[in-house]
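K.L.:
My structure is below; once you've seen it, I'll send some questions.
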Amino acid sequence: MENKSNKEESRGYPKEVIKLLNNPKFFGRMNDPTSSSYLKGPCGDSMEFYLVIEDKRISDIKYYTNGCGATRACAAMAAHLAYGKTIKEALSISAGEVIKRLKGLPEDHLHCSILSVSTLYRAIADYLLKV
Ligand code: FES
């Protein structure tokens, strides 16, 4: 999904972030998820997560965000880390782990990682409150 705006937005980010920005694997919305979530961060960026959960395991996951490159990279990393995991395992994915796996984030974008895991947790909560 590499495009001009991705290239412009990715300036200054570590190469792991740029790689995720250009990988559309988990990006998009889902028509019939088991559960979903929507959150808006203090900066005004919003994020959505969509989960398919089978036997308490996340068998498919998508994210959507209107945020900047760091926001998209954090959401993509959270999705990557949660894919194939059990609900319990996915609930232990932390903002710190997202940052670590991205090999760092600019100081003024650390909150993007919190938005990503918070939105993931909310999608899991949506599932747990339904079962
Ligand atoms: Fe606000 Fe990324 S800049 S979530």
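K.L.:
Taking only the alpha-carbon atoms of the stretch 37-101, what semi-axes of the equivalent ellipsoid follow from 5 times the gyration tensor eigenvalues under a square root, in whole Å, largest first?
P.N.:
Each semi-axis is √(5λ); the values are 21, 14, 9 Å.
K.L.:
Grab the other residues whose beta carbon is less than 10 angstrom from that of K103, score K and R as +1, D and E as -1, and report the net.
P.N.:
Values: positive: K15, K100, R101; negative: E16.
Local net charge: +2.
K.L.:
Hey, got the dipole for the stretch 12-131? About the Cα centre, +1 on K and R Cβ, -1 on D and E Cβ, debye to the nearest 20?
P.N.:
On the way: 16 positive and 12 negative charges, 43 e Å.
Roughly 200 debye, rounded to the nearest 20.
K.L.:
Work out the charge dipole of the chain with +1 on the Cβ of Lys and Arg and -1 on the Cβ of Asp and Glu about the Cα centre, then indicate which of A73, G28, C112 is farthest towards its positive end.
P.N.:
A73
K.L.:
Moving on to the next point. Looking at the chain, what % of its DSSP beta bridges pair antiparallel, to the nearest 5?
P.N.:
Numbers: 15 of 16 bridges.
The antiparallel proportion sits near 95 percent.
K.L.:
If you don't mind, another one. Using only Cα atoms, find the angle between the long axis of helix 110-128 and the longest principal axis of the chain, and express it within 0 to 90 degrees, rounded to the nearest 10.
P.N.:
The two axes meet at around 20 degrees.
K.L.:
Right, something else. Whole-Hz Karplus ³J(HN,Hα) for the stretch 57-73, in order, using 6.51 cos²θ - 1.76 cosθ + 1.60 and θ = phi - 60°, x for Gly and Pro?
P.N.:
Computed from phi, the couplings for the stretch 57-73 are 10, 7, 8, 7, 8, 9, 10, 9, 8, 9, x, 6, x, 5, 4, 5, 5 Hz.
K.L.:
Take the eigenvalues of the Cα gyration tensor for the chain, scale each by 5, and report the square roots as semi-axes in whole Å, largest first.
P.N.:
Details: eigenvalues 112, 41, 35 Å².
Taking √(5λ) for each eigenvalue gives 24, 14, 13 Å, largest first.
FYI, it's all coordinate maths here, none of it is from the lab. Here the structure is a predicted model, which is why all the values come from computation and not from measurement. In this analysis, Cβ positions are derived from the backbone assuming ideal geometry, glycine residues included, and neighbour counts consider all displayed protein chains.
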